[in-house]
Amino acid sequence: QELKGKNIQFVYFTSPSSPLPPWREMINDIDGDHYFLTMEQYNYLLDKYESRGIPTYAIYDTEGKQIFKNIGFPGLDIFKNAVNEVLK
């Protein structure tokens, strides 16, 4: 809610390792774009963006430059600070 109306988009990816019915139900409460990928697509993204753990949090600026990446949830304050930095 704090970020509503700001120039930010949340995108979430998951793989078949997440059971589809509970995933569909869960995403209803999470604002953003959600993608259920094949293992081939998922592995491609993990390799392309050098992710070696789940979950990986990454923030990109409007030019596509990675500003922040953390494997595992870094904590709300750290994440908020990273988001606010890129929104400046």
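For the chain, a crude dipole built from +1 on the beta carbon of Lys and Arg and -1 on the beta carbon of Asp and Glu, taken about the Cα centre, is about 140 debye to the nearest 20. When the helices in the chain are scored as -39500 (n - 2.57) per DSSP H run of 4 or longer and the sum is shared across all residues, what 222 nm value do you end up with, to the nearest 500 deg cm²/dmol? Calculated from helices alone, the mean residue ellipticity at 222 nm is -10000 deg cm²/dmol. Rounded if a/c is under 1.5, else prolate if a/b is larger than b/c, else oblate: which is segment 1-84, with a ≥ b ≥ c the root eigenvalues of its Cα gyration tensor? Oblate, since a/c reaches 1.5 and b/c is not below a/b.
Among all stretches of the chain without exposed chymotrypsin sites (Phe, Trp or Tyr not before Pro) (DSSP loop, at most 15 other Cβ atoms within 10 Å), which one is longest? Longest stretch, sites excluded: 50-88. Per residue, the accessible area of the chain comes to 78 Å², computed with a 1.4 Å probe over protein heavy atoms only. Surface composition of the chain: carbon and sulfur make up 52 percent of the accessible area, probe 1.4 Å. Tell me which of Gly53, Thr14, Tyr42 sits at the most positive position along the dipole axis of the chain, charges placed on C-beta atoms (Lys, Arg +1; Asp, Glu -1). Value computed over the given set: Gly53. Entry note, the chain: relative contact order of 23 percent, from Cα contacts under 8 Å with a spacing of 6+ residues.
The values are calculated or read from the model by the stated rules, or taken from the named source; none is laboratory data. Not measured: the values here are computed from a predicted model. Neighbour counts are summed over all protein chains in view; Cβ atoms, including those assigned to glycine, are modelled from backbone coordinates with ideal geometry. In case anyone asks, the SASA skips ligands and DNA or RNA and just uses the protein heavy atoms, side chains included. Shrake-Rupley method; radii C 1.70, N 1.55, O 1.52, S 1.80 Å.
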